[in-house]
């Protein structure tokens, strides 16, 4: 499942303390589902998994997938996503979802190519997805 956020979700100014409070210290946080790509001892990409429950079913949720701008274009987002998909498979999670912003076209193309399917949450999402598909050359 792939859903669109209604507003940009860029986390600027995140500190080590609020990462601990809002991510690591949460009951459904599993460090095995929190990954980094490191280049020259510097983290350049990251992604986090969450286990959520919806209608009595466990659903994997991919969150905070990001790559430093100077390292984009090397398929790191794809590899981070694949790592988490394999993680969820090992956890026997049958459904995985994520949210993204409609301006993140390379990421959306990656998710669609990996088999994620758009979810139309609001009426205007039909038009949003049509525009996205056109921009990506899928229509």
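Quick rundown of the values:
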item: Given (1) 1.07; (2) 1.18; (3) 1.01, the label whose value is Cα Rg over 2.2 N^0.38 Å derived from this model; result: (1)
item: Residue-averaged 222 nm ellipticity for the chain, from DSSP H runs of 4+ at -39500 (n - 2.57), nearest 500; result: -8000 deg cm²/dmol
item: Residue 83-residue 40 pseudo-label distance in nm [points 7 Å out on the Cα-to-Cβ vector]; result: 2.0
item: Percent antiparallel among DSSP beta bridges (both partners in the chain, rounded to 5); result: 65
item: Backbone N under 19 Å from the residue 121 label point (7 Å along Cα→Cβ), restricted to region 79-100; result: 95-100
item: Rough spin-label spacing in nm, given labels placed 7 Å along Cα→Cβ, for residue 22 and residue 54; result: 2.2
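Any read-out appearing in this document is the output of simple, stated calculations on the displayed coordinates, not a laboratory observation. Quick caveat: nothing in here was measured; it's all calculated off a predicted structure. Note that we place each Cβ from the backbone using ideal geometry, even for glycine, and neighbour counts take in every protein chain shown.
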